[in-house]
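These notes are about the structure you will find just below.
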């Protein structure tokens, strides 16, 4: 199916769409609850017109496969343009008006084994348990590696990336310098500075999420740190400069070799 003429979906539109999914589930035998997560869960202050609908569908034992294999219950809320099964438990799906969904289907006993952020019961059958919204296995508390490891990994990623650049492996070089090393720089910057006042909560699975709001000084350096496929030599020099600017203890021999390999 083709995408409809897409109009901007404001946060209330997205919440109403989630409620429509709950209404659809209420008519499906075997459905027990719809649990909104992330920005459509307890973090609705983050919700904007670009947000996805992330949710769990909780079903009676023996009904899980039916809700995974046949998405009529989701189509009833709004027609789908595309979907694919991205895990054993669920799908990613694009609705015809541009709303993107990512969901999983679980039976009640499975919830005890799954770490997830606390959510919000959008719809619940009378047989549902209110505590399903609270994970028994919460997400791990975010923690940062030791600085020595961060700096060592950052330098080694830059060094390996430069060697691959000179070997002609430009894509691999780009990833090592402009992705892997920058990931370590994000961690070092987080050790050095507190999140900006009023910054949104970070993502425990992905430190780059909402980085522009949480670490604005580092975000301002990103054009130099991630300049693109043809500019890895300049990126390598920028990473070393950013590490040095944050007071990292840099091994002189490694830095000398990086600077030799990164000469324009």
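Some points to look at:
- Gyration tensor verdict on segment 1-152 (Cα atoms; rounded if a/c is under 1.5, prolate if a/b is larger than b/c, oblate otherwise): oblate
- Look at the alpha carbon pairs under 8 Å that are at least 6 residues apart: their mean separation over the length of the chain gives a relative contact order of 15 percent.
- Distance between the modelled labels on residue 50 and residue 81, one decimal in nanometres: 1.7 nm (7 Å Cα→Cβ projection).
- Gyration tensor (alpha-carbon) shape descriptor, segment 92-149, a/c threshold 1.5: oblate
- Neighbour-count order for 232, 87, fewest beta carbons within 10 angstrom listed first: 87, 232
- Here segment 1-103 carries DSSP beta bridges of which approximately 85% are antiparallel, counting only pairs with both residues inside.
- Of the residues 72, 125, the one with the fewest other Cβ atoms within 10 Å heads the list, and the complete ranking is 72, 125.
- Computed [θ] at 222 nm, deg cm²/dmol, the chain (DSSP H ≥ 4; -39,500 (n - 2.57); rounded to nearest 500): -11500 deg cm²/dmol
Values quoted throughout were computed directly from the atomic coordinates according to the rules given, and no laboratory measurement underlies them. These numbers come from a predicted model, not from an experiment. Please note: Cβ atoms are built from the backbone with ideal geometry, for glycine as well, and neighbour counts cover all protein chains shown.
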